[in-house]
1. Looking at A:ALA96, A:ALA107, A:ALA100, A:ALA122 in this structure, which one is more than 22 Å from A:PHE35 (Cα to Cα), touching a helix residue (DSSP H, G or I) at 6+ places or on another chain (Cβ under 6 Å) and within 14 Å of another protein chain (Cβ to nearest Cβ)?
2. Would you pick out the residues in the stretch A:136-148 that are more than 7 Å from chain B (Cβ to nearest Cβ), touching a helix residue (DSSP H, G or I) at 6+ places or on another chain (Cβ under 7 Å) and either without any contact (Cβ under 8 Å) to a residue 40 or more places away in the chain or closer than 17 Å to A:SER34 by Cβ (or both)?
3. Among the candidates B:ARG280, B:ARG313, single out the residue that is in contact with a helix residue (DSSP H, G or I) (Cβ under 9 Å, 6 or more places away or on another chain) and among the basic types (Lys, Arg).
4. Among the residues of the stretch B:83-92 satisfying the criterion of being part of a loop (DSSP other than H, G, I, E, B) and at the interface with chain A (Cβ under 7 Å from one of its Cβ atoms), which is least open to solvent (accessible area, probe 1.4 Å)?
5. Limited to the stretch B:529-557, what total is found for residues that are more than 28 Å from B:LEU433 (Cβ to Cβ) and touching a residue at least 60 places away in the same chain (Cβ under 8 Å)?
6. Of the conditions (1) away from chain A (no Cβ under 14 Å); (2) in a helix (DSSP H, G or I); (3) in contact with a His (Cβ under 8 Å, 6 or more places away or on another chain), B:ILE353 satisfies every one except a single condition; which number is it?
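The values are calculated or read from the model by the stated rules, or taken from the named source; none is laboratory data. Not measured: the values here are computed from a predicted model. As a convention, Cβ positions derive from the backbone with ideal geometry for all residues, glycine included, and neighbour counts pool all protein chains shown. With ligands, DNA and RNA removed, areas are computed over all heavy atoms of the protein, side chains included. Shrake-Rupley method; radii C 1.70, N 1.55, O 1.52, S 1.80 Å.
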Amino acid sequence: MEASAVHLELEPEPRHWQRRALWVGARLWCGSISFFFVSFVFAYFYLKSLDTNHGWKIGHVTIAAGIGVSIAALQLVSAVALRLSSHRRPGDQLAAGVIALLMGLTAVALQFYEYTILNFGAASGGYASVFFGWTSMYAIFELGGLYWIETQVATMLRARRNGGTGVDHALAQAGFEACSFYWAYFVAIGVLAYVILYIL
Amino acid sequence: MSAIAISASRPTKSFWQRLGGFNMFTGIALGIAGWFIGYYAIGENITGHTLTYYKAQAGENDIAVCLGYVLGVVGFLVGMGFANYPVRRMLGHPPSLTEHESEGEGAARYFRLCTDHKVVAVQYLIGIGTFFFVGGLNAMFIRTELLSPNTHVFGPNQYLTLVGMHGSMMMGMMTSGILGPFANWVVPLMIGSRRMAFPRIEALTFWLLMAAGVILVTTIFWGGFQTGWTGYQPLGDEGTAGYDAYIGFFGLVGLSMTLLGLNLMATIITMRAPGMTWSRLPIFCWGVVATAILMVLAAPMLIATLLMAGMDRTVQTGFYIAAIGGSAYLFQNLFWVFGHPEVYILALPGFAIVMELLPVFTRKPLWGYRLAVAGLLGVAFLSFFVWQHHLFVSGIDADLRPFYMLSTEMISLPTGFTFLVVMGTLWRGRIRLTVPMLFCVGWIFNFLFGGISGVFLSDVPSDVTTHGSFFSMAHFHYTIMGGLVFTFFAAVYYWGPKMLNVKFDERLGKIHFWTLFVAFNSTFGPLFALGFLGMPRRVVTYPLGLQGLNDWVSISAYCIGLSMLVFLYNVVKSTVFTREPAEDNPWQAKSIEFSLPTPVPVHDFERLPTFDPDPYPYGVEPAPIGAPVPAGGVA
């Protein structure tokens, strides 16, 4: 491939545009996932109140409360760590990112472990359907969120290795802030899931 | 502020070299490979057949089918190159915004991941146009079947599949029918930006939609689906694997819609050039904002609803299966929480286009700008509170009906704002009946009928009487086809020359409009009568006494098909044969996109424009609209 002689001098766009886009995009995405999970909240209360054919819980349906608490706690710690570090130095952010990543991955692993020890299956009534549907979708979204955190961690690691050259620090900071906001919001939905599925 | 240099590189690779790498052809190859891996290598090895409530005895393997679709789409996107950037980011590379935007890439840009908003817009225009014609062809088949009550061209099952595919294709693909091609192309220009906020996501929305369209077409290999576009339960859960294709189709459409809406909103909120305040935003952008709000919030519910159906069919949940604690009405509720805003996702861009174009062709400022904005946002807001009017005959509590009746009727108020703005702008205007203007006038006529019949239908007694009949079908065709499709064509004739750098034949455009307008009303007007006479939707046969009207409708529908052929001929003639270059500003418009040269340069503006006056300075001389400096030239 050879470059042609076409060269244009362009006025760059304002640098704050992309940072604001990340800020706004993260919040809009939170709106989207809210409505996604509201569907499961609606399904929970709708099916519970209908109790069609007395099928809200069929047979012996007992939830693994200890695992539920552990998952919620791990998620909370990861969100708090990430969010609190969002306005700190990159070194603190790196540590918080690694902690959040590990906690989140453990929470996902625990979720899938829980499926193997439950004494009911997905066909054990309306509750079981909502439980498996909601938690599995949440775990998949969680993996997506963890990917985002991983990119932040990897960017910071690479920047550290390169001595900080070639990095737009303001943009990286905006990316970390957006990521931590999304993660905190997402974990809040997870806590709501815990309250509805394990306590109510 | 410093300047940056960009260069346009010209690839010297041969055609065969360029065929390799990440592009549409690689995407298709990996998509097919992904499907085989998902279906045979994984799905068939998990279980021989699905063990869900309805499928235990059917011997069908929905797990394999769904895995095939999922891995097929993943393979397609990987082949297109969508995985490259996420992997680079995982490895810690800094963010970047552009891919394949160089002019030197030529036509190849249209067959690969390209982040130029103008290229994505043209991709949308052609891609959606193709599926629009497939959906239209289905409509022709439907009307052919209904030529006779007793002699069948298709069987009942095939007929239902045709109806479902037609509805899904139109309601699914056309949700992005205006925002995809036109908002992607014009919104960045209108607000003075060179790009969308998230260019890769912009490209992703298009290719997801194309994958969705292909998945829907594959439903014919599984015996189709019998639910129509609404996918109602329990028919859906009981259906063949064709319903899996339906789930895959609408799921991807929902994802595409969500991301498109998010991207458009983020762009308009954050990337407006200096001076482009909210009160100066062109009304088309306001329409995009209102529609995007609905997309961002409502479409995720569709995805969740369909995922629940998918889980019922694969992993033994029972969301919609009454025998194991579920309820088919859960699907109806969730679907219509999305489904009614969806109607406005289709309609609002049409409102916005009409209000954007009228000042150009009346040479007047838009009358009642704030009223117009209030109308658009009001419709968007209220559309979340009306969904249960679709369930009036589904056994909902009778006490709930008045609320949903009133909330539905209330939508006529902000819609009425739009009509007031349109009438006020037309009043004493110097009207030029160009082809885009004709389509706008057609919208006024059609949508009036669609809107008034909608108010009529929102009343519980009339809804109960006409529910599921051709009357309601006529109503929504007047709103969707009369509203969306007419304004789609208005936009094609208005912005198309600028986008494609060709001049359309004006005479053929007028023939297209008049044949479409007459045939459209001749097709859907009699359906009101057929509905009142008791003809139900989605039934392959009907009483002999209704044959006359049905034949009239079928022949009129063929005329719609012919008018579309006129359009197609015009497009092919203009873009392939005559190729007469478009003028920079064929409509003497004062909006910013028409102050740029045609074709619009890759990087749109050399310097970012500033905006001073109101967006519609018609009748004010001289017109001091923003002063963009296009790349390589002086405005």
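1. A:ALA122
2. Result: A:TYR138, A:ALA139, A:PHE141, A:GLU142, A:LEU143, A:GLY145, A:TRP148.
3. B:ARG313
4. B:GLY92
5. Total meeting the criteria: 19.
6. In the conditions (1) away from chain A (no Cβ under 14 Å); (2) in a helix (DSSP H, G or I); (3) in contact with a His (Cβ under 8 Å, 6 or more places away or on another chain), B:ILE353 misses (3) alone.
Residue by residue, here is whether (1) facing another protein chain (nearest Cβ under 10 Å); (2) over 17 Å from B:LEU608 (Cα atoms); (3) surrounded by fewer than 24 Cβ atoms within 10 Å (Cβ to Cβ) holds:
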position	(1), (2), (3)
B:ASP244	no, yes, no
B:PHE250	no, yes, no
B:VAL253	no, yes, no
B:SER256	no, yes, no
B:ASN263	yes, yes, no
B:PRO274	yes, no, yes
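Condition check ((1) in a loop (DSSP other than H, G, I, E, B); (2) under 23 Å from B:PRO181 (Cβ atoms); (3) not assigned by TED's automatic domain parsing to the domain that holds B:GLY287) across all residues:
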| residue | (1), (2), (3) |
| --- | --- |
| B:ILE220 | no, no, no |
| B:GLY228 | yes, no, no |
| B:THR240 | yes, no, no |
| B:ASN263 | no, yes, no |
